[in-house]
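Everything on this sheet refers to the single structure shown next.
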Amino acid sequence: MQRRDSDHHSLRIQHTLYPAAYLLRLIGDTHPTSHELAAAFQHADAWALPLIVDLSALGFGDEELLRRLLHAHRTGLTLIGPISDSFQRRLDTTGVTDLFTIRPTLDAALDSPGRDRR
(Lines give C-alpha, C1' and ligand atoms only; values in the text may rest on other atoms or scores of the structure.)
Protein backbone atom coordinates (compact mmCIF):
# COMPACT_ATOMS: atom_id res chain seq x y z
CA MET A 1 0.00 0.00 0.00
CA GLN A 2 1.38 3.41 -1.01
CA ARG A 3 -0.09 6.70 0.16
CA ARG A 4 0.25 10.28 -1.08
CA ASP A 5 -1.64 13.40 0.02
CA SER A 6 -2.33 16.53 -1.96
CA ASP A 7 -3.94 19.68 -0.68
CA HIS A 8 -5.62 22.56 -2.52
CA HIS A 9 -7.49 25.21 -0.52
CA SER A 10 -10.53 23.53 1.04
CA LEU A 11 -10.07 20.13 -0.65
CA ARG A 12 -7.57 17.56 0.50
CA ILE A 13 -7.11 14.39 -1.52
CA GLN A 14 -5.45 11.26 -0.18
CA HIS A 15 -4.22 8.70 -2.69
CA THR A 16 -3.73 5.11 -1.56
CA LEU A 17 -2.63 2.29 -3.82
CA TYR A 18 -3.78 -1.20 -2.86
CA PRO A 19 -2.84 -4.37 -4.74
CA ALA A 20 -6.34 -4.66 -6.26
CA ALA A 21 -7.69 -1.09 -6.18
CA TYR A 22 -6.81 2.60 -6.15
CA LEU A 23 -8.39 4.74 -3.42
CA LEU A 24 -9.06 8.47 -3.58
CA ARG A 25 -10.25 9.95 -0.28
CA LEU A 26 -11.77 13.41 -0.66
CA ILE A 27 -11.72 15.59 2.43
CA GLY A 28 -13.39 19.00 2.52
CA ASP A 29 -15.17 20.71 -0.35
CA THR A 30 -14.66 20.59 -4.10
CA HIS A 31 -14.80 23.83 -6.09
CA PRO A 32 -14.74 24.56 -9.82
CA THR A 33 -11.35 26.27 -9.82
CA SER A 34 -9.53 23.22 -8.45
CA HIS A 35 -7.37 21.43 -11.01
CA GLU A 36 -6.32 19.06 -8.23
CA LEU A 37 -9.47 16.97 -8.64
CA ALA A 38 -8.86 16.39 -12.35
CA ALA A 39 -5.24 15.50 -11.69
CA ALA A 40 -6.21 13.07 -8.94
CA PHE A 41 -8.65 11.17 -11.17
CA GLN A 42 -6.12 11.11 -14.03
CA HIS A 43 -3.43 9.78 -11.71
CA ALA A 44 -5.77 7.08 -10.40
CA ASP A 45 -6.80 6.12 -13.92
CA ALA A 46 -3.18 5.63 -14.94
CA TRP A 47 -2.91 2.68 -12.55
CA ALA A 48 -5.65 0.80 -14.50
CA LEU A 49 -7.07 -0.58 -11.25
CA PRO A 50 -10.66 -0.48 -10.02
CA LEU A 51 -11.29 2.90 -8.41
CA ILE A 52 -12.69 3.49 -4.94
CA VAL A 53 -13.63 7.06 -4.00
CA ASP A 54 -14.18 7.73 -0.30
CA LEU A 55 -16.72 10.54 0.08
CA SER A 56 -17.27 10.09 3.83
CA ALA A 57 -15.27 13.24 4.65
CA LEU A 58 -16.59 15.32 1.74
CA GLY A 59 -18.66 18.35 2.71
CA PHE A 60 -19.63 19.79 -0.67
CA GLY A 61 -19.23 18.13 -4.05
CA ASP A 62 -19.64 20.26 -7.17
CA GLU A 63 -20.64 19.38 -10.74
CA GLU A 64 -17.00 18.71 -11.64
CA LEU A 65 -16.85 15.94 -9.06
CA LEU A 66 -20.10 14.49 -10.34
CA ARG A 67 -18.73 14.54 -13.90
CA ARG A 68 -15.54 12.78 -12.79
CA LEU A 69 -17.54 10.13 -10.91
CA LEU A 70 -19.81 9.51 -13.89
CA HIS A 71 -16.80 9.06 -16.15
CA ALA A 72 -15.12 6.69 -13.67
CA HIS A 73 -18.36 4.74 -13.30
CA ARG A 74 -18.02 3.51 -16.88
CA THR A 75 -14.80 1.67 -16.06
CA GLY A 76 -15.54 0.44 -12.53
CA LEU A 77 -16.13 2.52 -9.44
CA THR A 78 -17.17 2.03 -5.83
CA LEU A 79 -18.01 4.91 -3.49
CA ILE A 80 -17.60 4.94 0.28
CA GLY A 81 -20.19 6.84 2.31
CA PRO A 82 -21.93 8.19 4.13
CA ILE A 83 -22.41 10.84 1.50
CA SER A 84 -23.09 14.41 2.62
CA ASP A 85 -26.68 15.62 2.35
CA SER A 86 -25.74 18.27 -0.20
CA PHE A 87 -23.93 15.85 -2.51
CA GLN A 88 -26.66 13.24 -2.07
CA ARG A 89 -29.17 15.88 -3.24
CA ARG A 90 -26.97 16.52 -6.31
CA LEU A 91 -26.97 12.79 -7.10
CA ASP A 92 -30.72 12.52 -6.55
CA THR A 93 -31.57 15.68 -8.53
CA THR A 94 -29.56 14.53 -11.53
CA GLY A 95 -31.08 11.05 -11.32
CA VAL A 96 -27.78 9.17 -11.14
CA THR A 97 -27.84 7.81 -7.58
CA ASP A 98 -28.63 4.26 -8.70
CA LEU A 99 -25.64 4.18 -11.04
CA PHE A 100 -23.22 4.05 -8.13
CA THR A 101 -22.21 1.23 -5.83
CA ILE A 102 -21.96 2.78 -2.36
CA ARG A 103 -20.38 0.90 0.56
CA PRO A 104 -20.17 1.96 4.22
CA THR A 105 -16.48 1.11 4.80
CA LEU A 106 -13.19 0.64 2.98
CA ASP A 107 -13.23 -3.09 3.73
CA ALA A 108 -16.68 -3.42 2.18
CA ALA A 109 -15.55 -1.41 -0.87
CA LEU A 110 -12.47 -3.59 -1.33
CA ASP A 111 -14.78 -6.62 -1.32
CA SER A 112 -17.29 -4.95 -3.65
CA PRO A 113 -18.13 -6.80 -6.83
CA GLY A 114 -18.96 -3.44 -8.47
CA ARG A 115 -15.29 -2.52 -8.63
CA ASP A 116 -14.08 -5.34 -10.87
CA ARG A 117 -15.42 -3.98 -14.16
CA ARG A 118 -12.17 -2.33 -15.28
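With the structure loaded, tell me whether L66 is open to solvent by 70 Å² or more (accessible area, probe 1.4 Å) and among the hydrophobic types (A, V, I, L, M, F, W, C) or whether it fails that test.
No; evaluated as a whole, the condition is false for this residue.
In this structure, does D111 turn out to be farther than 23 Å from L11 by Cα and surrounded by fewer than 16 Cβ atoms within 10 Å (Cβ to Cβ)?
Judged against the criteria, D111 is a match.
Of all the residues that make up the stretch 69-86, how many are surrounded by fewer than 21 Cβ atoms within 10 Å (Cβ to Cβ) and within 22 Å of A39 (Cβ to Cβ)?
6
Where the second residue is of a type in the set (A, V, I, L, M) and open to solvent by less than 10 Å² (accessible area, probe 1.4 Å) and the first is in contact (Cβ under 8 Å) with a residue 40 or more places away in the chain and lies in the stretch 49-64, which pairs have Cβ atoms under 6 Å and are six or more apart or on separate chains?
L49/A21; P50/A21; L51/A44; L51/A72; L51/L77; I52/A21; I52/A109; D54/I80
Return the residues of the stretch 18-49 that are aliphatic (A, V, I, L, M) and buried (at least 16 other Cβ atoms within 10 Å of the Cβ); say none if nothing qualifies.
A21, L23, L24, L26, I27, L37, A40, A44, L49
For the stretch 50-57, check the following and say yes or no: at least one residue is surrounded by fewer than 16 Cβ atoms within 10 Å (Cβ to Cβ) and either closer than 16 Å to A38 by Cα or among the charged types (D, E, K, R) (or both).
Looking through the stretch 50-57, none of the residues is surrounded by fewer than 16 Cβ atoms within 10 Å (Cβ to Cβ) and either closer than 16 Å to A38 by Cα or among the charged types (D, E, K, R) (or both).
Which of the numbered conditions does T33 fail, given that it passes all the others? Conditions: (1) among the polar types (S, T, N, Q); (2) in contact with a helix residue (DSSP H, G or I) (Cβ under 8 Å, 6 or more places away or on another chain); (3) modelled with pLDDT under 95.
(2)
The values are calculated or read from the model by the stated rules, or taken from the named source; none is laboratory data. Treat the numbers as computed from the prediction; the structure is a model and nothing was measured. A quick note on method: Cβ atoms are made from the backbone with ideal geometry, for glycine too, and the neighbour counts reach across all protein chains shown. Remember, those area values only see protein heavy atoms, side chains included, never the ligands or the DNA or RNA. Shrake-Rupley method; radii C 1.70, N 1.55, O 1.52, S 1.80 Å.
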